[in-house]
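Structure first, commentary second.
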Amino acid sequence: MPGKQEEISKRFLETVRKNGDLKSAGKILKALGVFLTGERGGRVISVESARGMQDATRAKFSERFQKEDLVEFSVNPALIAGARVTVNNSRELDFSFKRKLNKLFK
């Protein structure tokens with residue numbers, strides 16, 4: 001199977017380069033991952049934290065979701081502290097200090 005995956009990857013890169021989209025390869029792969037996740041019945045979970053998470057913390061977050069889900073982690077210093085979890089770009093669970101401050105000073 002590794003030979004087949006290698007061949008698919010090679011063809012993908014050749015096609016992207018041929019079409020002049022090499023700069024967009026990352027975005028194309030992300031869109032493909034989102035599409036395949038939906039096809040498998042999974043959800044796209046985005047976990048933003050004010051600071052980088054350790055591997056053990058990432059693993060605990062990932063365990064909370066189904067194996068079909070695509071869990072992405074990113075750092076957003078604007079949150080000040082805490083984390084924000086978004087499911088399929090629609091449902092949001094905001095545990096950030098920034099949200100708490102905004103709520104306090106409204």
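Readers should treat all values here as calculations from the given coordinates under stated rules, not as data from a laboratory. These numbers come from a predicted model, not from an experiment. Every residue, glycine among them, receives a Cβ derived from its backbone with ideal geometry; neighbour counts consider all protein chains shown.
The residue 31 and residue 51 beta-carbon pair, evaluated with R₀ = 30 Å, returns a calculated FRET efficiency of approximately 0.60. Can you tell me which of 16, 85, 75 moves the most in a GNM of the chain? Springs connect C-alpha atoms under 10 Å apart. Result: 16 has the largest fluctuation of those listed. Arranged from fewest to most other beta-carbon atoms within 10 Å of their beta carbon, 73, 105, 35 become 105, 35, 73. The rule of thumb for compact globular proteins, 2.2 N^0.38 Å, goes into the C-alpha radius of gyration of the range 36-106 1.19 times. Taking 11, 64, 84 as the candidate residues, the one with maximal mean-square fluctuation in a Gaussian network model of the chain, Cα springs under 10 Å, is 11. Taking label points 7 Å from Cα along the Cα-to-Cβ direction, residue 18 and residue 93 give a separation of 4.5 nm.
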